[in-house]
Number of protein chains: 2
Amino acid sequence: MRTVDLIQRKRDGEELAPEEIEHLVEGYTRGDIPDYQMSAFLMAVFFSGMSDREVSRLTECMLRSGETVNLSNVAGVKVDKHSTGGVGDKTSFIVAPLAAAAGVIVPMMSGRSLGHTGGTLDKLESIPGFRTNLTSEEVEKQLSQHGLCFIGQTEKLAPADRKLYALRDVTATVESIPLISSSIMSKKLAEGVDALVLDVKVGSGAFMKKQVDARRLAQTMVGIGRRMDKKVQALITDMNQPLGYAIGNALEIMEASQTLQNAGPADLTKLSIELAARMIHLGKKAATLEEARRTAEKHLVDGSAYRKLKQVVTAQGGNAQALDKFELLPNATGMREITSPRGGYVTSIDAEDIGTASNMIGAGRDKKEDPIDPAVGIILEVKTGEKVDAGSVLCRLYYTKEDHVEEAADMVEDAFRISAQKPDERELILEVVG
Amino acid sequence: MRTVDLIQRKRDGEELAPEEIEHLVEGYTRGDIPDYQMSAFLMAVFFSGMSDREVSRLTECMLRSGETVNLSNVAGVKVDKHSTGGVGDKTSFIVAPLAAAAGVIVPMMSGRSLGHTGGTLDKLESIPGFRTNLTSEEVEKQLSQHGLCFIGQTEKLAPADRKLYALRDVTATVESIPLISSSIMSKKLAEGVDALVLDVKVGSGAFMKKQVDARRLAQTMVGIGRRMDKKVQALITDMNQPLGYAIGNALEIMEASQTLQNAGPADLTKLSIELAARMIHLGKKAATLEEARRTAEKHLVDGSAYRKLKQVVTAQGGNAQALDKFELLPNATGMREITSPRGGYVTSIDAEDIGTASNMIGAGRDKKEDPIDPAVGIILEVKTGEKVDAGSVLCRLYYTKEDHVEEAADMVEDAFRISAQKPDERELILEVVG
């Protein structure tokens, strides 16, 4: 089997056989296939796509390239949630305790901020003392005791994906549905979960700008799950404006905490309930989806999910008091108000610009090695569809250093569209796949 | 300027600016841009193509990456001919002396066999003593004295092309019209010629299987010439069957010699006259193309081109007697006849199969390092359109080692299509571009 022939056949739109996909992934992981052949192959995949069979085999090969988490000692159905990444997306901190409070085992494995979106691990680490590098014994113990843990991906999980991702990042081959799907699914399935709920974001603040692409991504991931005997469901949700009001690490922890106390934004609460309900349903803790929704709502209203989060924060070394007393979280020292240039309706808030501006003042990172500032970020005062007066506050920037504040403020100002016409209401949950 | 952004923009179908193309070629040649980014870029070019402006800049950058031949001390208009490669294509040995006999200066720079096609240098080296590695002083002297030399490309000419070609070869990015065009033209323009005649082959024995692709290739190369102030004309010619009757190094030298003595095959003679006429016309040795054709014919009939070839062979250390006394050329020791399984008309002779079979018995090479056997090859007894009886000889294989003879014989047998219906006559010269 010559690698150049496989590249050529993929280039010419042919379907590769399972053992050919294996040859590529295993050869590349071992170092037998050089980067320059793999990058040409990845670009050929970008243009020619992959069949369901190919993408499933690719996922399986990446999954098998490293260790997998063995949760067989933990009783119960294990379900995780994964979001393709948005701005202000703090659903994990709400959804995971909601599902765990209902008895679902949630081994939540997350990543860090990259590009204009935030990272769950970074947000959690704004809680003083919180640590995400649990040993496998600690994971097992905590799941048995609390039904929930928040952990990072170890180097040993799907190393083929890690190596491929690093190559895609520098060869303009990130934005490919089969490559995104297999990357996500190989890591998620390496966690040893039985089922998975996906939140596929679409809109200006998401990687997928068009609903048709988001649908294809969702269908591809659900298809991979089906071929690998895992239950996978995907919601396609709107990411044209940030989710909730808070953007930034500690700020998002605060808003998640409020939401778990039933005092959160309507959109964030609604999406969290829906995602949690699907986890509860797939986790066999409710016979119907309707029942699962009621269960999730109950755990939100009665505070049991909030208590669950506090227990887990404590178990992972964090100061759970910080979830009540926000002054214990890192706090910004400077504030800048952005006001509306005129009266009218907010017709759009460009989520990507808001995310980029927030990262510009320190909330995120451009490169893996960059440090982040947990205290800083943006709090919106209004959302799309609301009426504003000339001069009224649209949002506030919270910062600790003056650098880039001007630039970020300009970007945020441009992110708001104000016009005389009230915009049509936009659905938050657009489609369900799987 | 980030290389990954340039890859992405090409991937998304955008046109790159001249300085961006420069960044890529110069960065890659210097070693600042790694192979894995360049191969992703090349695959993006394969799918997205290049504008005329891009391909001209690419050619110019590759041309400027190394030395160029300075022929300003040689008086006269310098014209070369280049063929995109076919089976049995020995026109160089006929065309070059025809043009030189008419007073055109012909610095003919050629390559070696690769894949199923032969190489001009390999064929020349079957003449005992002939050497192609002339110094630049020798080239200058010989051009001034005889108006013709046959030389190989030095390592110093267009090193960017050499490096890019090696990468394309292993990443399935060879078959791209802008990449093929810039590769050919950068080397040809580095030779210091004033004008160039291209023979773009199309058909089963050519790299271009379809006339529409051959036309695009021809147009692209003519366009590059125009933007760089060189006169370039291209003929698109049929390569569905081998050109002439002989395939193999010494065998082709013999047939070229016969053709220069006005005793060659009709198709080879016709194409050679046409190519030479265009060189004579572009070389300003005839006022009209019609006059140039008459000049070429005259030099064929009166033997002056044949004498020119002999002088040049002698000048380059070769035994010119071998062009009369073929027993002085390397001779095969074994012969195998392929006969027709039935009576009828020869409707096609697959040129690629004939070329591959000839190389299988030693006439060509798969890898650059492979040795070749100058004596071996195939001589056709019939060509497309001719009538044959059952059992009559279709062609003869000449070999020196038994290895692969069976396999090659089977392949050659399959290359002939014999049927009851007389096929339509096919044009040899299909189009003129430029």
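Of the residues screened, B:Phe93 is not one that is within 14 Å of chain A (Cβ to nearest Cβ), outside any loop (DSSP other than H, G, I, E, B), out of contact with any Gly (no Cβ under 7 Å at 6 or more places or on another chain) and on the phi < 0 side of the Ramachandran plot.
Looking only at segment B:24-33, filter to residues that are within 14 Å of chain A (Cβ to nearest Cβ) and not acidic (Asp, Glu); which one of those is most open to solvent (accessible area, probe 1.4 Å)? Within segment B:24-33, the match that is most open to solvent (accessible area, probe 1.4 Å) is B:Gly31.
The set of residues from segment A:69-80 being surrounded by 24 or more Cβ atoms within 10 Å (Cβ to Cβ) and not aliphatic (A, V, I, L, M) comprises just one member, A:Asp80. Scanning segment B:356-372 for residues that are part of a loop (DSSP other than H, G, I, E, B), buried (at least 21 other Cβ atoms within 10 Å of the Cβ) and of a type outside the set (A, V, I, L, M, F, W, C) yields B:Gly362, B:Gly364.
Being in contact (Cβ under 8 Å) with a residue 12 or more places away in the chain, touching a strand residue (DSSP E or B) at 6+ places or on another chain (Cβ under 7 Å) and either crowded, with 22+ Cβ neighbours inside 10 Å or not polar (S, T, N, Q) (or both) is a property that A:Lys90 lacks.
Taken as a whole, the condition of being in contact with a Gly (Cβ under 7 Å, 6 or more places away or on another chain) and either buried (at least 20 other Cβ atoms within 10 Å of the Cβ) or acidic (Asp, Glu) (or both) does not apply to A:Asp350. Among the candidates A:Leu289, A:Leu260, A:Leu235, the residue that is within 28 Å of A:Ala75 (Cα to Cα) and touching a Phe, Trp or Tyr at 6+ places or on another chain (Cβ under 9 Å) is uniquely A:Leu260. In segment B:1-54, the residue that is farthest from A:Gln8 (Cα to Cα) out of those that are of a type in the set (Asp, Glu) and not in a loop (DSSP other than H, G, I, E, B) is B:Glu19.
Quick check, is A:Phe130 among the aromatic types (Phe, Trp, Tyr), open to solvent by less than 10 Å² (accessible area, probe 1.4 Å) and not in a helix (DSSP H, G or I)? So A:Phe130 fails the test.
Within segment B:34-55, being over 19 Å from A:Phe47 (Cβ atoms) and open to solvent by 10 Å² or more (accessible area, probe 1.4 Å) holds for B:Pro34, B:Asp35, B:Asp52, B:Arg53. Out of everything in segment A:203-220 that is over 15 Å from the mean Cα position of the chain (by Cα) and not basic (Lys, Arg), what residue ends up being surrounded by the fewest Cβ atoms within 10 Å (Cβ to Cβ)? The residue in question is A:Val212.
Taking the conditions exactly as written (of a type in the set (Gly, Ala, Ser), modelled with pLDDT under 95 and either more than 15 Å from B:Ser182 (Cα to Cα) or outside any loop (DSSP other than H, G, I, E, B) (or both)), does B:Ser72 satisfy them or not? Answer is yes for this residue.
Flag: B:Gly111 does not match the condition of being within 14 Å of another protein chain (Cβ to nearest Cβ), at pLDDT below 95 and either in contact with a helix residue (DSSP H, G or I) (Cβ under 6 Å, 6 or more places away or on another chain) or closer than 30 Å to B:Tyr245 by Cα (or both).
The residue list B:Ala166, B:Ala172 contains one member that is within 14 Å of chain A (Cβ to nearest Cβ) and open to solvent by 30 Å² or more (accessible area, probe 1.4 Å), which is B:Ala166.
Every residue, every condition in (1) in contact with a helix residue (DSSP H, G or I) (Cβ under 9 Å, 6 or more places away or on another chain); (2) surrounded by fewer than 20 Cβ atoms within 10 Å (Cβ to Cβ); (3) modelled with pLDDT of 95 or more, yes or no:
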site: B:Thr135; (1), (2), (3): no, yes, no
site: B:Leu157; (1), (2), (3): yes, no, no
site: B:Leu189; (1), (2), (3): yes, no, no
site: B:Val193; (1), (2), (3): no, no, no
site: B:Lys201; (1), (2), (3): yes, no, yes
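Tallying residues that are open to solvent by 20 Å² or more (accessible area, probe 1.4 Å) and either among the β-branched types (Val, Ile, Thr) or assigned to a helix (DSSP H, G or I) (or both) within segment A:138-155 yields 7.
In contact with a Cys (Cβ under 8 Å, 6 or more places away or on another chain) and touching a residue at least 24 places away in the same chain (Cβ under 8 Å): is that true of B:Glu386 in this structure? The answer is no for B:Glu386. Restricting attention to segment A:56-68, the residues that are within 21 Å of A:Val222 (Cβ to Cβ), open to solvent by 30 Å² or more (accessible area, probe 1.4 Å) and in contact with a helix residue (DSSP H, G or I) (Cβ under 6 Å, 6 or more places away or on another chain) total 2. Candidates in segment A:289-339 are the residues that are touching a strand residue (DSSP E or B) at 6+ places or on another chain (Cβ under 6 Å) and surrounded by 20 or more Cβ atoms within 10 Å (Cβ to Cβ); of these, the one that is nearest to A:Val104 (Cα to Cα) is A:Val312. Residues that are over 19 Å from A:Ile184 (Cα atoms), open to solvent by 40 Å² or more (accessible area, probe 1.4 Å) and in contact with a Phe, Trp or Tyr (Cβ under 7 Å, 6 or more places away or on another chain) do not occur anywhere in segment A:9-23.
Looking across segment B:275-288, the residues that are open to solvent by 10 Å² or more (accessible area, probe 1.4 Å) and within 17 Å of B:Met108 (Cβ to Cβ) come down to B:Arg278, B:Leu282, B:Lys285. Got at least one residue in segment B:221-240 being away from chain A (no Cβ under 14 Å), in a helix (DSSP H, G or I), buried (at least 20 other Cβ atoms within 10 Å of the Cβ) and without any contact (Cβ under 8 Å) to a residue 60 or more places away in the chain? Looking for residues that are away from chain A (no Cβ under 14 Å), in a helix (DSSP H, G or I), buried (at least 20 other Cβ atoms within 10 Å of the Cβ) and without any contact (Cβ under 8 Å) to a residue 60 or more places away in the chain, one finds at least one in segment B:221-240, hence yes.
The values are calculated or read from the model by the stated rules, or taken from the named source; none is laboratory data. The structure presented is a predicted model; accordingly, all values stated were derived computationally and were not measured. Virtual Cβ from ideal backbone geometry, glycine too; neighbours counted across all protein chains shown. We work out accessible area using only protein heavy atoms, side chains counted, and drop any ligands, DNA or RNA first. Shrake-Rupley method; radii C 1.70, N 1.55, O 1.52, S 1.80 Å.
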